[in-house]
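Participant: Below is the structure I would like to discuss, written out as structure tokens.
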């Protein structure tokens with residue numbers, strides 16, 4: 001599924017294509033902004049998004065075989081909710 005498919009799905013509820021696109025954009029922007037602030041996003045039945053810190057570590061450049069230091073960074077983790085898991089099994 002693409003973002004365009006999601007917009008079409010929302011538009012099928014009786015919204016215009018433009019209104020559906022605005023709704024999807026607003027939802028995605030709200031999720032992104034919450035994660036950027038370090039807040040968890042919990043969507044009941046669907047899943048949870050959370051930001052986790054990843055520690056610096058040694059990696060290897062596959063092209064040269066040289067060891068490279070990978071710096072600290074933040075990563076988004078998604079854990080599927082119970083209803084989502086049940087629906088796909």
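Where a number appears in this text, it was derived from the coordinates with a stated rule and is not lab data. These numbers were taken from a predicted model, which means no experiment stands behind them. Cβ: placed from backbone, ideal geometry, glycine included. Neighbour counts: every protein chain shown.
Participant: Just want to confirm a number: the relative contact order over region 17-56, from Cα pairs under 8 angstrom separated by 6+ residues, in percent.
Facilitator: This gives 25 percent for region 17-56.
Participant: For the residue pair residue 60 and residue 86, what label-to-label distance in nm results when each label sits 7 Å from Cα along the Cα-to-beta-carbon direction?
Facilitator: Reported label-point gap for residue 60 and residue 86 is 4.5 nm.
Participant: Nearest 10 degrees is fine. How inclined is helix 17-36 to the longest principal axis of the chain, computing both from alpha carbons?
Facilitator: Helix 17-36 and the main axis of the chain meet at about 30 degrees.
Participant: Between residue 75 and residue 1, what's the calculated FRET efficiency when r is the beta-carbon distance and R0 is 22 Å? Round to 0.05.
Facilitator: For R0 = 22 Å, the calculated efficiency reads 0.45.
Participant: Could you state the per residue volume, in Å³, of the convex hull enclosing the Cα atoms of the chain?
Facilitator: Value for the chain: 164 Å³ per residue.
Participant: I would also like to ask the following. If the chain between residue 29 and residue 46 were fully stretched, how many nm would it gain, using 0.36 nm times the residue separation less the Cα-Cα distance?
Facilitator: 4.4 nm
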